[in-house]
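Below is one structure, written out as C-alpha cells; comments come after it.
Read-outs: derived from the displayed coordinates by stated rules, not from any lab. Everything numeric here is computed off the predicted structure, so don't read it as measured data. Glycine also receives a Cβ, built like all others from the backbone with ideal geometry; neighbour counts cover every protein chain displayed.
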Amino acid sequence: MRRKTIKLLATVIAVFTICIGLSGCALGGNREPNYRLDIAKEFGIMIPEEWKTVYYNSGSLGGWHGDGDAYYVFEVSERDEEFFSEFSQTKDETFESDVVWEKEQNFDKYPSSDPIDPEYLFDFNEPYEWYEGEVNLSRIRMIYQSNRLHIFAFYM
C-alpha cells in the first residue's frame with residue numbers, strides 16, 4: 001500500500017512539474033523583453049515600434065521592490081516630431097550634471113552593475129535634445145542625439 005502511495009505521489013509531482021514547464025513556455029518564457037512596454041507602463045511614454053532597441057543596461061534596477069535605474073538606447077529610424085515636441089534643444093548644465101551623477105552612482109559605482117558600454121553613450125559636447133519627467137516617485141531622463149534616444153529611467 002505504501003509503495004502505491006509513493007508511486008502515485010511521484011507521478012503527480014512529475015505531471016505537475018511538466019505542466020508548469022509547458023505553461024512557462026506557452027506564456028513566452030523565451031520572449032525578448034519589451035522595454036517599450038516597461039516605459040509606457042511606468043511613464044506613459046510610447047516609444048515608436050519602428051525604433052529598434054540597440055542597448056540595455058539594468059544598472060541598479062532590481063531592488064527589493066523592483067526599484068532602481070535602467071538605461072536604454074533606441075535607434076531612431078525616422079524622427080517623430082510629435083514624440084520630440086516636449087524636448088528642449090537648449091543646452092542645460094543642471095540636466096547634464098544630474099545625468100552624469102546618475103550614471104556614476106547607478107552604473108559606474110553600483111556594486112552589481114556593469115558600466116554603460118561607451119559605444120552607447122551620448123556626448124554632451126555635441127548638440128543634443130533632452131527631456132525630463134516624473135510620475136509619482138519614478139523619473140525619466142531622455143537624450144536625443146545622432147539618431148539615438150538614450151533613456152535613464154529610475155523606477156520606484
At 0.36 nm per residue, minus the direct Cα-Cα distance, what do Glu134 and Ser146 gain on full extension? Give it in nm, one decimal, please. 1.8 nm
List the GluC sites (Glu not before Pro) within the stretch 71-156 that DSSP assigns to loop and that have no more than 12 neighbouring Cβ atoms inside 10 Å. Glu78, Glu81, Glu82
So, with points 7 Å from each Cα along the Cβ direction, the Met156-Trp101 label distance in nm works out to 1.5
Can you compute the modelled spin-label distance between Glu126 and Glu82, with each label point 7 Å from Cα toward Cβ, in nm? 2.9
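Over the Cα atoms of the stretch 54-150, Rg to Rh with Kirkwood Rh, two decimal places? Each step should come with its number before you reach the end.
On the way: Rg = 13.6 Å, Rh = 14.3 Å.
We get a ratio of 0.95 for the stretch 54-150.
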